[in-house]
Amino acid sequence: GLQVSSQRMRNRRKEIACRGDIERLTHCFLSIYESLIPPDEEKEKQKQLLASLEKLVNKEWPRAQLFLYGSCANTFGVSNSDIDVCMTLDDDGTSKSDILLKLAEILESDNLQNVQALTRARVPIVKLMDPVTKISCDICINNVLALVNTKLLRDYAQIDVRLRQLAFIVKYWAKSRGVNETYHGTLSSYAYVLMCIHFLQSRRPAILPCLQGMKATYVVKIDNVDYGYFDKVEELRDFGAVNNESIGFLLWAFFDYWAYCHDYANDVISVRTAGIISKREKDWTRRIGNDRHLICIEDPFEVNHDLGRVVDKYSIKILREEFERAADVLQYDPNPSVKLFEPY
Ligand code: ATP
Ligand code: MG
């Protein structure tokens with residue numbers, strides 16, 4: 001008990017000592033954030049491409065619909081990102097592979113470029129590039145949960161602008177430092193945004209609420225399971241206002257948490273409950289197959305799904321060193337707004 005409380009006091013002292021300097025950085029980080037926001041013309045082009053693709057697929061599947069998901073729809077996307085599209089269509093027993101192969105054939109004959117069906121990926125997709133807008137696009141089939149988690153992220157972003165600011169800078173940092181590559185054992189953009197939401201839910205006073213812990217005003221039924229949460233976020237616009245922590249301070253505190261405070265051996269972060277769950281409770285204490293659970297991030301809807309499962313014993317070391325580097329750069333470096341994003 002004593003040890004924990006003295007550790008806490010040390011952290012608290014560090015927080016306070018750090019505050020003055022870091023406030024000066026807020027201004028700098030806000031201009032980086034502004035420069036990353038995609039312009040309206042780009043959003044417009046994405047919508048037009050979506051509409052023309054929908055028209056095309058409707059010739060084969062009249063009832064099919066196309067939806068944007070991922071960063072182009074959750075408001076966490078920076079300029080010039082690829083777009084993620086989900087095609088919904090009635091299940092008539094045709095396999096996803098066959099649908100994707102047919103889709104690829106249709107797209108190819110309409111002169112879309114680099115068309116490729118990846119039928120054996122974890123999420124099977126067709127890739128393409130539109131030669132007119134130069135936008136690259138991945139299309140998946142009936143991935144309704146991805147649409148729901150996209151809406152959840154978008155709704156959280158509307159409650160307090162600091163979430164979008166923090167997540168943009170964290171994503172920009174992760175891409176610059178090479179730790180946003182799931183095929184190399186580091187974390188997805190989706191995982192980083194969940195880490196930011198959880199972090200802001202944990203501030204005292206809290207900056208974000210727990211939407212899944214409130215009365216569900218939005219519910220989707222998938223395979224007979226209800227997925228829901230409170231989505232009247234316009235009623236929550238002032239939620240975080242009692243906490244006036246600046247983005248410079250929050251960015252440092254975010255990295256400091258993942259560098260020096262998170263209990264990697266025992267804890268799972270959970271946006272669903274706005275808290276910490278023990279690994280033991282989830283039975284995530286040992287390696288099963290390829291899931292090592294070295295950093296545990298619960299998916300808000302697929303609760304058996306650990307977004308940290310891509311992380312292995314090599315990449316966990318890289319990740320933790322990068323969190324430490326970022327926290328130290330923000331605290332001690334004379335020019336942190338450049339040094340933080342220095343290519344690795
Ligand atoms: P960017 O493309 O800007 O790096 P993104 O949000 O599009 O960011 P991804 O991590 O590729 O990046 O995720 C796209 C979407 O796919 C997410 O918003 C989410 O809806 C879904 N998704 C990605 N990974 C998972 C996962 N492991 N489990 C469930 N859904 C996921
Ligand atoms: Mg994407």
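The values are calculated or read from the model by the stated rules, or taken from the named source; none is laboratory data. Model, not experiment: these values are computed from the prediction. For neighbour counting, all protein chains shown are included, and Cβ atoms are generated from backbone atoms with ideal geometry for every residue, glycine included. Note: areas computed on protein heavy atoms with side chains; ligands, DNA, RNA excluded. Shrake-Rupley method; radii C 1.70, N 1.55, O 1.52, S 1.80 Å.
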| note | By the mean-Cβ-within-10 Å protection proxy, highest first, 148-159, 287-298, 224-235 rank as 148-159, 287-298, 224-235
| message | Can you compute the charge dipole magnitude of the chain about its Cα centre, using +1 on each Lys and Arg Cβ and -1 on each Asp and Glu Cβ, nothing else charged? Give it in debye, rounded to the nearest 20. | response | 1080
| field | Three semi-axes of the equivalent ellipsoid, the range 40-142, Cα gyration tensor, whole Å, largest first | value | 21, 14, 13
| Protein-only accessible surface order, largest first, of 260, 33 at 1.4 Å | 260, 33
| query | Over the alpha carbons of the chain, what is the largest minus smallest coordinate on each principal axis, giving the biggest first in Å? | reply | 67, 44, 42
| task | Write out the chymotrypsin sites (Phe, Trp or Tyr not before Pro) in the range 297-332 meeting two conditions: DSSP loop, and at most 13 other Cβ atoms within 10 Å of their Cβ. | result | 314
| Between the range 172-242 and the range 34-87, what's the alpha-carbon centroid distance in Å? | 21
| Among 162, 120, 286, 24, what's the order by accessible area (1.4 angstrom probe), most exposed first? | 120, 24, 286, 162
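Among the listed pairs 151/221; 127/171; 59/232, which are separated by more than 25 Å between their Cα atoms?
59/232
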| message | If you roll a 1.4 angstrom probe over the protein chains with everything in place, what fraction of the accessible area of the chain belongs to carbon and sulfur, to the nearest %? | response | 49
| Could the peptides 184-197, 269-282 be put in order, highest first, of the mean number of other beta-carbon atoms found within 10 Å of their residues? | 184-197, 269-282
| Rounded to the nearest whole Å², what accessible area per residue is found for the range 226-344 with the 1.4 Å probe? | 49
| said: Give me the extension gain from residue 52 to residue 282: residue separation times 0.36 nm, minus the current Cα-Cα distance, reported in nm with one decimal. | reply: 78.4 nm
| message | For a 31 Å ceiling on Cα separation, which of these pairs sit above it: 282/317; 45/102; 47/175; 313/339; 43/279; 43/313? | response | 43/279; 43/313
